[in-house]
Each structure stands twice: as structure tokens, then as C-alpha cells.
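Engineer: Below: one structure in C-alpha cells.
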Amino acid sequence: QVQLVESGGGLVQAGGSLRLSCAASGRIFSTYDVGWFRQAPGKELEFVSVINWSDERTAYADSVKGRFTISRENAKNTVYLQMNSLKPEDTAVYLCAVSTIPTLGPTDYAYWGRGTQVTVSS
């Protein structure tokens, strides 16, 4: 089992920044990828970014490329999502997830956090 706790969400004005954290505990040695997803009210779950636990390869959704940065801090078993130049359309609950296999989509992730709310005002 892997437990995930997100933090760092909040209310910010458009153009502002937030840094989200995803702290992992448990059987993290089996981690393959750590991903960030988001879900806005009435919308489907959307991929945001992913980092490979071993080689730190990263990928981003086109909607956040150039504005968001995912990173990892091994000593704290934590993955961060630095979000800059935030837009109102970034408003959503942000969730982190861990997979133990290569990922192509959300169904490949075995463990999920409860999420943290990000609200961007115009």
C-alpha cells in the first residue's frame, strides 16, 4: 500500500503561483510513476503532469506546458508541482497518484490521494 497526501492548494489571483506537494508513505519502493491530475466541477479527470520515480523523466499536458514544473525530493518522498502564471481555467481539485507499472492513463495508477483545491480568481 502507498499513502498519498496532497497539500499546497488555495486561492490565488490570475497570474499568481502555487506549489503543490504530494507526500508519499508506505511501499514506495514499488513506485514507477507519480502523476498529477485535476478535476474541475462537471468535467472529467484531466492529466496534468507525470514524473518517473527512477529516472525523473517528465511529461506535461499541453495546457500547462511552460507554466507548471513537476519535481521530486527523494529524501522526503515528496513530489512537487510548481504552478506559475495561473489562469482561472486551472481551477480544480488537484490529485496525485502513484503507479507501479508504466502509465498511459489514469487507470494505470493504483494509489490516489484525496486532492487539494486550487482556485484561481480572475
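The values are calculated or read from the model by the stated rules, or taken from the named source; none is laboratory data. No experiment lies behind these values; they were computed from the predicted model shown. Virtual Cβ from ideal backbone geometry, glycine too; neighbours counted across all protein chains shown. Accessible surface is based on the protein model in full, side chains and every heavy atom, while ligands, DNA and RNA are left aside. Shrake-Rupley method; radii C 1.70, N 1.55, O 1.52, S 1.80 Å.
Engineer: Could you please find all residues in the stretch 11-32 being under 22 Å from G66 (Cβ atoms) and more than 11 Å from the chain's Cα centre (by Cα)?
Structural biologist: The initial filter retains those residues of the stretch 11-32 that are under 22 Å from G66 (Cβ atoms), namely 12-22.
Selection gives V12, Q13, A14, G15, G16, S17, L18.
Engineer: Of the numbered conditions (1) more than 16 Å from V79 (Cβ to Cβ); (2) loosely packed, with under 14 Cβ neighbours inside 10 Å; (3) in contact with a strand residue (DSSP E or B) (Cβ under 7 Å, 6 or more places away or on another chain), A40 fails exactly one; give the number of that condition.
Structural biologist: Only one criterion is unmet by A40, namely (2).
Engineer: Residues of the stretch 96-122 being more than 14 Å from A23 (Cα to Cα), at pLDDT 95 or above and open to solvent by 80 Å² or more (accessible area, probe 1.4 Å), which ones?
Structural biologist: Of everything in the stretch 96-122, just one residue is more than 14 Å from A23 (Cα to Cα), at pLDDT 95 or above and open to solvent by 80 Å² or more (accessible area, probe 1.4 Å), namely Q117.
Engineer: Select from the stretch 46-60 the residues that are among the aliphatic types (A, V, I, L, M) and touching a Ser or Thr at 6+ places or on another chain (Cβ under 7 Å) and write down the one among them that is least open to solvent (accessible area, probe 1.4 Å).
Structural biologist: Residues of the stretch 46-60 that are among the aliphatic types (A, V, I, L, M), as a first pass: 48, 50-51, 59.
Filter once more, keeping what is touching a Ser or Thr at 6+ places or on another chain (Cβ under 7 Å): 50-51, 59.
Values: V50: 21, I51: 2, A59: 41 Å².
Of everything passing the filter in the stretch 46-60, I51 is least open to solvent (accessible area, probe 1.4 Å).
Engineer: Against the condition touching a residue at least 60 places away in the same chain (Cβ under 8 Å) and open to solvent by 80 Å² or more (accessible area, probe 1.4 Å), how does V34 come out, does it pass?
Structural biologist: On the way: touching a residue at least 60 places away in the same chain (Cβ under 8 Å): yes; open to solvent by 80 Å² or more (accessible area, probe 1.4 Å): no.
No.
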